[in-house]
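The values are calculated or read from the model by the stated rules, or taken from the named source; none is laboratory data. Just so it is clear, the structure is predicted and the values come from calculations on it, not from any experiment. In this analysis, Cβ positions are derived from the backbone assuming ideal geometry, glycine residues included, and neighbour counts consider all displayed protein chains. The accessibility values were calculated without ligands, DNA or RNA, using every heavy atom of the protein model including side chains. Shrake-Rupley method; radii C 1.70, N 1.55, O 1.52, S 1.80 Å.
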Amino acid sequence: YFHTHYVPEKMAICISGDVDPKETIKLIENEFSRWQPGEEPPVKDNWTEKPLEGREFVEMKYQGEEQVLLAFRAVPRKHEDWAALRLLDMVLDNSVAGLINLNLVEAQKVRAAGSFPQHLNDYGAQYLYGVPKDDQTLREVEDLLLAQLDIVKKGGFEDWILPAVVNDFKKRRKQDLENNGKRVELMRDAFLSFREWEDVVNEIDLLEQVTKAEVVRVANQYFAGNYVSGHRIDAQH
């Protein structure tokens, strides 16, 4: 396994900072040129996940704060719906003016809540989480989270939210490009997801082209009722 997968043709060295290119290349040649290519060409594994059917419930026992975690199947990183789903996540939770932020957290209907996406090479997922108040059940928190999704499905969010979200992306990307660690992270992630660097550079342009109608479409397409509902209860495992 090691000699098949941990080989030079499947690796990248990502460097950012005030370096001398010639000296850096010389250092890399000294340290890595002795590595040999793999004996066999790497084979990419493919598989098909079993579709989710309705609400699939899972309960976990954990001594501590109780929590709800909802998981929906989404799309892989290079899918054409990635941009619309990425903006949908920010409509739900952008830390300040998302539906979950305003309707649940600021309104103190739950102790804490939010959402986050995970777009990997083979599959993607969208997560929503919530922490109940002392007088709430976990099912009540789950219903409140699903209600925010229903608002998106019906297009019940202001038109200014999408350009505001894109502007926030722009600000964060500029900050990232000023930081060596973040630049390396961008290069690394592009390599691991088999993306061209131009795709990373043009990512903001792709987000700017997303319309409200597309966000509503993907909300109805990917969040139609098939999901995993995870309840973490305060109990000894």
**OP:** Could you check the stretch 169-237 for helices (runs of 4 or more DSSP H) lying wholly inside it with 1 or more residues that are aromatic (F, W, Y)?
**Re:** 180-192, 197-201, 212-222
Original post:
With (1) in a loop (DSSP other than H, G, I, E, B); (2) modelled with pLDDT of 95 or more; (3) open to solvent by 70 Å² or more (accessible area, probe 1.4 Å) as the list, and V110 as the residue in question, which single condition is left unmet?
Top reply: (3)
**OP:** Scan L102, L149 and give me the residue that is aliphatic (A, V, I, L, M), free of Cβ contacts under 8 Å to residues at least 12 places away in the same chain and assigned to a helix (DSSP H, G or I).
**Re:** L102
**OP:** Residue by residue through the stretch 52-70, note down the ones that are of a type outside the set (S, T, N, Q), open to solvent by 90 Å² or more (accessible area, probe 1.4 Å) and part of a loop (DSSP other than H, G, I, E, B).
**Re:** E53, Y62, E65
**OP:** May I ask you to list the residues in the stretch 165-203 that are surrounded by 15 or more Cβ atoms within 10 Å (Cβ to Cβ) and over 22 Å from K78 (Cβ atoms)?
**Re:** D168
**OP:** Would you be able to say whether some residue in the stretch 224-231 is in contact with a strand residue (DSSP E or B) (Cβ under 8 Å, 6 or more places away or on another chain), over 30 Å from E158 (Cα atoms) and either without any contact (Cβ under 8 Å) to a residue 40 or more places away in the chain or open to solvent by less than 70 Å² (accessible area, probe 1.4 Å) (or both)?
**Re:** yes
Original post:
Of the residues that make up the stretch 16-33, is at least one assigned to a loop (DSSP other than H, G, I, E, B), without any contact (Cβ under 8 Å) to a residue 40 or more places away in the chain, of a type in the set (S, T, N, Q) and open to solvent by 100 Å² or more (accessible area, probe 1.4 Å)?
Top reply: no
**OP:** Would you mind finding the one in L192, L207, L177, L186 that is closer than 16 Å to A84 by Cα and at pLDDT 90 or above?
**Re:** L207
Subject >> Checklist (1) crowded, with 21+ Cβ neighbours inside 10 Å; (2) of a type in the set (G, A, S); (3) closer than 30 Å to T4 by Cβ applied to G98, failing item >> reply: (3)
